[in-house]
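*Asks:* Have a look at this one.
The values are calculated or read from the model by the stated rules, or taken from the named source; none is laboratory data. Quick caveat: nothing in here was measured; it's all calculated off a predicted structure. Every residue, glycine among them, receives a Cβ derived from its backbone with ideal geometry; neighbour counts consider all protein chains shown.
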Amino acid sequence: MKPHYVLNYANGRWIEPIGGWAEVMCAVTGDVVAVVGSQGLNFAAMAEYARCVGGPNLRALTFHDRAKILKALAEALMARKEELYEISYHTGATRQDAWIDIEGGAGTLFSYASKGRRELPDATLLIDGEAEKIGKTGSFIGQHVWSPLQGVAVQINAFNFPVWGMLEKLAPALLAGVPVIVKPASASVYLAEHAFKIMIAADVLPPGAVQFIAGSPGDLLDHLTGQDVISFTGSAATAAKLKGHPTVIREGVRFIAEQDSLNASILGPDAAPGSPEFDLFVREVAKEMTVKAGQKCTAIRRVIVPAAWMDDVEVALVARLSQVVVGDPRAETTRMGSLISRAQRDDVRAKVAELSEVATVVFGDPQTVEVSGADAEAGAFMSPVLLRCIDPWAGDAIHDVEAFGPVATLMPCGDLEDAIALANRGKGSLVASLFTYDPAVARQAVLGAGAFHGRLAIIDRDSAKESTGHGSPLPVLVHGGPGRAGGGEEMGGVRGVTHYMQRTALQGSPRTLSAIVGQQLIGAPQTTGDVHPFRKRYGELELGYTLNTTSRTISLEDIEHFAHFTGDTFYAHMDEEAAKASPIFGGRVAHGYLILSFAAGLFVDPAPGPVLANYGLESLRFVKPMKPGDSMSVALTAKSKALRNPQMGEVRWGVVVTNQDGDVAATYDLLTMNAV
Ligand code: NAP
């Protein structure tokens, strides 16, 4: 096989390095599959290009524009996914393993594209929370906003998910408006390169948005500043080295780390052999050991089981692991492919030797394995290895040593507290799972273990069918864990986008801050005019435009009519004596929904026009009851606008209902869809 020369992509050009070549082997055959190097790249110029070209280009786009780019990238990758599957076999991954990497990666882009359109504004600044009134009269307010960092996001990735690992970091950074330099792990760089090439070929990214380093990142870190972010996935040793880099420390470069993690799974004290949770637990442990040959940051390493059921779990696990066919990842009968490299296999074998000092191997031989359709020694094949430790409190190794392969250790626990303490002894992990049908057990585990784990998956018979399992990080949930796991956090929907932004507390007058953020904030000046706001098209409606209605008096007959018409005859509206005795009402009051209905009657302009539909109310509060004889009037103010498609946009109206004394009776936001 002719090796593939992996290219770098710097300053908008594909670049062949001038030297420093290293060979990368096929994980299955041991043949050279790629040659990689980055010598000759000008890393300082790459950082500068990202900052001076990529950053301004991305920041000129709105969140919605960037979301559209992510969607186009995902579509391009999906359209050419078979090319990626084909290359992926060289990493030792089966089609099922590669699905997580390739389609899971594209799925993450799709998810961020959708979140960007639905949860972020069609704007360049992101508002964080409500405005805070600071001065007595409201002429001085505070508002938090997020803006994109004006630097570059440098990703340094692990070998195990060359596509997903790149995309789960790329999506939030680009959506935030920050350009990216990708540095994949060398062992699988050829797959990351192909996915990267597909994205460049899609021709949807602005110049400078992305660059690619194949091989060493050279002196790139020397050129980083406090506006830059390093997102690292890999070993704790490399993380410590990079975190301690003098420039990273001096400049305060943001550092997000996902590193070693000794993830645990606990069999609940209620999940006896024969229960659905017991079976689910055994299935999940076996799956986590063998998917991707156990080379998953989230894989179960520590299997914590009530002491009385240790033998049952061992027998069931051994039965499952005996069925696992190790072999050529292309073959449909293969359940587990190879590790990424023979060096990685050597490392896992060495780690198993360390674990064997405090635990006994009860399944698999780390040194030999029967391989179907491939050469066991030429490729990086290895058997699943299950160890059993009798006294998990005696040996540190099972809680400290991560064998990054198809390896897990079974250990007994006493009561639930003991199980939780063992799970926490991993000193911080990406994920822990618990198999129980008892919510009280689950609650105790969350209170006891939540602080030590970035994600807790509680799996039972009700959720099993739809469960994504112990090991799957999801774009909508946070991925990352405290302590040993690196202390970082990625994804989690919009949370992940803000990792590439700066939150700033703005202070100023409502008029100024409203103009900055493009929303009508508390206390901002309102305008009025002869034209009813519902007669204005989306594009004609200016924020702050307000309708102050006439007033309407609420009579006892209105209340009784509404009560009988709707069937809501709650005592507060119908029984004077009972209502008087109430500490809240002090007599009969109008229904809150009657006030809403009358408010609509006061502000609606009935003829067909630009308002296409009313589609919701938000933040509704009934502040002060209205009694028979009270009069109400309404102020309706255009508060914010968001274009949904070329034909229509959402208008958010602030609605304030006041009584005859000017006291606020109700407030809410009304949402309408308006023609452009
Ligand atoms: P690694 O050796 O730490 O490498 C990770 C990345 O760092 C690679 O891209 C590597 O590049 C790069 N790197 C290494 N030394 C560097 C340096 N001095 N300067 C700049 N970059 C440097 O880890 P790995 O072998 O790829 O991955 C295996 C380990 O990662 C496992 O042991 C596992 O614990 C951990 N892991 C953790 C997670 C998680 O999310 N927590 C996920 C996957 C893996 P080269 O490949 O070019 O050397």
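*Asks:* Among the candidates Val324, Val318, which residue alone is in contact with a helix residue (DSSP H, G or I) (Cβ under 6 Å, 6 or more places away or on another chain) and either more than 16 Å from the ligand (Cβ to nearest atom) or among the polar types (S, T, N, Q) (or both)? Show your work before the answer.
*Replies:* Numbers: Val318 fails: in contact with a helix residue (DSSP H, G or I) (Cβ under 6 Å, 6 or more places away or on another chain).
Going through Val324, Val318 in turn, the sole match is Val324.
*Asks:* Specify which of the listed residues (Gly487, Gly518, Gly496) is on the phi > 0 side of the Ramachandran plot, of a type outside the set (A, V, I, L, M) and within 16 Å of the ligand (Cβ to nearest atom). Full working, then the answer.
*Replies:* Working: Gly518 fails: within 16 Å of the ligand (Cβ to nearest atom); Gly496 fails: on the phi > 0 side of the Ramachandran plot.
The unique qualifying residue is Gly487.
*Asks:* On to the next question. When residues of region 174-217 are filtered for being in a loop (DSSP other than H, G, I, E, B), closer than 23 Å to Gln150 by Cβ and either among the basic types (Lys, Arg) or within 16 Å of the ligand (Cβ to nearest atom) (or both), how many remain? Step through it out loud before you land on a result.
*Replies:* Of all residues in region 174-217, those in a loop (DSSP other than H, G, I, E, B) come to 177-179, 184-185, 202-209, 213-217.
Those left that are additionally closer than 23 Å to Gln150 by Cβ: 177-179, 204-209, 213, 217.
Restricting the remaining residues to those that are either among the basic types (Lys, Arg) or within 16 Å of the ligand (Cβ to nearest atom) (or both) gives 213, 217.
Looking only at that region, the number is 2.
*Asks:* Here's something else I'd like to know. Looking at Arg621, Arg588, Arg652, which is the one that is surrounded by 13 or more Cβ atoms within 10 Å (Cβ to Cβ), in a strand (DSSP E or B) and of a type in the set (D, E, K, R)? Quick ask: steps written out before the conclusion?
*Replies:* On the way: Arg621 fails: surrounded by 13 or more Cβ atoms within 10 Å (Cβ to Cβ); Arg588 fails: in a strand (DSSP E or B).
The conditions single out Arg652.
*Asks:* Quick check, is Ala299 under 27 Å from Val352 (Cα atoms), assigned by TED's automatic domain parsing to the domain that holds Asp219 and surrounded by 19 or more Cβ atoms within 10 Å (Cβ to Cβ)? Outline the logic, then answer.
*Replies:* Working: under 27 Å from Val352 (Cα atoms): yes; assigned by TED's automatic domain parsing to the domain that holds Asp219: no; surrounded by 19 or more Cβ atoms within 10 Å (Cβ to Cβ): yes.
When the stated conditions are applied, Ala299 does not pass them.
*Asks:* Could you check, for region 47-58, whether at least one of its residues is farther than 14 Å from Pro207 by Cα and in contact (Cβ under 8 Å) with a residue 40 or more places away in the chain?
*Replies:* Of region 47-58, the ones farther than 14 Å from Pro207 by Cα are none.
Looking through region 47-58, none of the residues is farther than 14 Å from Pro207 by Cα and in contact (Cβ under 8 Å) with a residue 40 or more places away in the chain.
*Asks:* Select from region 1-44 the residues that are at pLDDT 95 or above and of a type in the set (Ser, Thr, Tyr) and write down the one among them that is nearest to Ile213 (Cα to Cα).
*Replies:* If we take residues in region 1-44 being at pLDDT 95 or above and of a type in the set (Ser, Thr, Tyr), then Tyr9 is nearest to Ile213 (Cα to Cα).
*Asks:* Hey, another quick one. Where residues in region 1-35 are free of Cβ contacts under 8 Å to residues at least 12 places away in the same chain and under 32 Å from the mean Cα position of the chain (by Cα), which of them is surrounded by the most Cβ atoms within 10 Å (Cβ to Cβ)? Write out each step before concluding.
*Replies:* Here is the first cut: in region 1-35, the residues free of Cβ contacts under 8 Å to residues at least 12 places away in the same chain are 2, 13-14, 16.
Narrowing the set further to residues that are under 32 Å from the mean Cα position of the chain (by Cα) leaves 13-14.
Values: Arg13: 9, Trp14: 12.
Checked region 1-35; the qualifying residue surrounded by the most Cβ atoms within 10 Å (Cβ to Cβ) is Trp14.
*Asks:* Would you pick out the residues in region 410-439 that are among the aliphatic types (A, V, I, L, M) and within 23 Å of Asp312 (Cβ to Cβ)? Talk me through it step by step, then tell me what you get.
*Replies:* At the first step, the residues of region 410-439 found to be among the aliphatic types (A, V, I, L, M) are 410-411, 416, 419-423, 430-432, 434.
Leu410, Met411, Leu416, Ala419, Ile420, Ala421, Leu422, Ala423, Ala432, Leu434 - these are the residues of region 410-439 that are among the aliphatic types (A, V, I, L, M) and within 23 Å of Asp312 (Cβ to Cβ).
*Asks:* Would you please name the residue that is nearest to Val305 (Cα to Cα), looking only at residues in region 407-447 that are polar (S, T, N, Q) and part of a helix (DSSP H, G or I)? Outline the logic, then answer.
*Replies:* Taking region 407-447 first, the residues polar (S, T, N, Q) are 409, 424, 429, 433, 436, 444.
Now narrow it down to the ones that are part of a helix (DSSP H, G or I): 424, 444.
Numbers: Asn424: 15, Gln444: 16 Å.
Among them, the one singled out is Asn424.
*Asks:* A follow-up question, please. Mind telling me which of the residues Leu612, Leu596 ends up being in contact (Cβ under 8 Å) with a residue 60 or more places away in the chain, of a type outside the set (Phe, Trp, Tyr) and in a helix (DSSP H, G or I)? Can you show your working first?
*Replies:* On the way: Leu612 fails: in a helix (DSSP H, G or I).
Within the list Leu612, Leu596, the selection yields Leu596.
*Asks:* Among the candidates Ser235, Ser216, Ser231, Ser265, single out the residue that is closer than 26 Å to Gly405 by Cα and surrounded by fewer than 17 Cβ atoms within 10 Å (Cβ to Cβ). Give the derivation first.
*Replies:* Values: Ser216 fails: surrounded by fewer than 17 Cβ atoms within 10 Å (Cβ to Cβ); Ser231 fails: surrounded by fewer than 17 Cβ atoms within 10 Å (Cβ to Cβ); Ser265 fails: surrounded by fewer than 17 Cβ atoms within 10 Å (Cβ to Cβ).
After applying the criteria, what remains is Ser235.
*Asks:* In addition: When only residues in region 624-648 that are under 30 Å from Leu556 (Cβ atoms) and hydroxyl-bearing (Ser, Thr, Tyr) count, which is surrounded by the most Cβ atoms within 10 Å (Cβ to Cβ)?
*Replies:* Going through region 624-648, the residues under 30 Å from Leu556 (Cβ atoms) turn out to be 624-636.
In the following step, the residues that additionally are hydroxyl-bearing (Ser, Thr, Tyr) were identified as 631, 633.
Numbers: Ser631: 14, Ser633: 19.
The residue in question is Ser633.
*Asks:* Say whether the condition of being over 30 Å from His64 (Cβ atoms) and of a type in the set (Gly, Ala, Ser) is met by at least one residue in region 640-654.
*Replies:* Quick first cut of region 640-654, residues over 30 Å from His64 (Cβ atoms) only: none.
No, region 640-654 has no match at all.
*Asks:* Do we find that Lys292 is away from the ligand (no atom under 14 Å from the Cβ) and in the same structural domain as Val441 (by TED's automatic domain parsing) in this structure?
*Replies:* Answer is no for this residue.
*Asks:* Within region 226-255, can you find the residues that are more than 9 Å from the ligand (Cβ to nearest atom), among the basic types (Lys, Arg) and either free of Cβ contacts under 8 Å to residues at least 40 places away in the same chain or farther than 15 Å from Gly487 by Cα (or both)? Spell out how you get there, then give the answer.
*Replies:* Just the residues of region 226-255 that are more than 9 Å from the ligand (Cβ to nearest atom), to begin with: 226-231, 240, 243-244, 246-255.
Applying the additional criterion that residues be among the basic types (Lys, Arg) yields 243, 250, 254.
Listed by number, the residues that qualify are Lys243, Arg250.
*Asks:* Condition first: in contact with a strand residue (DSSP E or B) (Cβ under 8 Å, 6 or more places away or on another chain), under 27 Å from Asp31 (Cβ atoms) and within 16 Å of the ligand (Cβ to nearest atom). Can you find one or more residues in region 329-336 that meet it?
*Replies:* Looking only at region 329-336, we keep the residues that are in contact with a strand residue (DSSP E or B) (Cβ under 8 Å, 6 or more places away or on another chain), and these are 331, 333-336.
If we keep only those that are under 27 Å from Asp31 (Cβ atoms) too, we end up with 331, 333-336.
Next cut, within 16 Å of the ligand (Cβ to nearest atom) only: none.
The answer is no, given that none of the residues of region 329-336 is in contact with a strand residue (DSSP E or B) (Cβ under 8 Å, 6 or more places away or on another chain), under 27 Å from Asp31 (Cβ atoms) and within 16 Å of the ligand (Cβ to nearest atom).
*Asks:* Could I ask something else about it? Could you identify the single residue in Leu456, Leu477 that is closer than 22 Å to Val282 by Cα and not small (Gly, Ala, Ser)?
*Replies:* Details: Leu477 fails: closer than 22 Å to Val282 by Cα.
Every option except Leu456 fails the conditions.
*Asks:* Quick one: count up the residues across region 256-278 that are closer than 17 Å to Leu456 by Cβ, assigned to a loop (DSSP other than H, G, I, E, B) and within 16 Å of the ligand (Cβ to nearest atom).
*Replies:* 3
Residue-wise test of (1) out of contact with any Asp or Glu (no Cβ under 9 Å at 6 or more places or on another chain); (2) hydrophobic (A, V, I, L, M, F, W, C).
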{"residue": "Ser433", "(1), (2)": "no, no"}
{"residue": "Val446", "(1), (2)": "yes, yes"}
{"residue": "Phe452", "(1), (2)": "yes, yes"}
{"residue": "Asp460", "(1), (2)": "no, no"}
{"residue": "Lys465", "(1), (2)": "yes, no"}
{"residue": "Leu474", "(1), (2)": "yes, yes"}
{"residue": "Gly486", "(1), (2)": "no, no"}
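*Asks:* I need a count of the residues in region 229-275 that are of a type in the set (Gly, Ala, Ser), more than 17 Å from Gln155 (Cα to Cα) and in contact with an Asp or Glu (Cβ under 6 Å, 6 or more places away or on another chain).
*Replies:* Within region 229-275, residues that are of a type in the set (Gly, Ala, Ser), more than 17 Å from Gln155 (Cα to Cα) and in contact with an Asp or Glu (Cβ under 6 Å, 6 or more places away or on another chain) number 1.
*Asks:* Suppose we keep only residues that are in contact with an Asp or Glu (Cβ under 9 Å, 6 or more places away or on another chain) and of a type in the set (Gly, Ala, Ser) within region 402-425. Which one would you say is nearest to Leu447 (Cα to Cα)? I'd like the intermediate steps shown before the answer.
*Replies:* Step one: list which residues in region 402-425 are in contact with an Asp or Glu (Cβ under 9 Å, 6 or more places away or on another chain), which gives 402-405, 408, 410-412, 425.
Next cut, of a type in the set (Gly, Ala, Ser) only: 403, 405, 408.
Values: Ala403: 29, Gly405: 31, Ala408: 25 Å.
Per the stated criteria, the residue is Ala408.
*Asks:* Further, regarding this structure: State all residues of region 624-649 that are under 30 Å from Glu576 (Cβ atoms), in a strand (DSSP E or B) and touching a helix residue (DSSP H, G or I) at 6+ places or on another chain (Cβ under 9 Å); if no residue qualifies, say none. So that I can check it myself, show each step before the final result.
*Replies:* Taking region 624-649 first, the residues under 30 Å from Glu576 (Cβ atoms) are 624-634.
Adding the requirement that they be in a strand (DSSP E or B) leaves 631-634.
The answer is Met632, Ser633, Val634.
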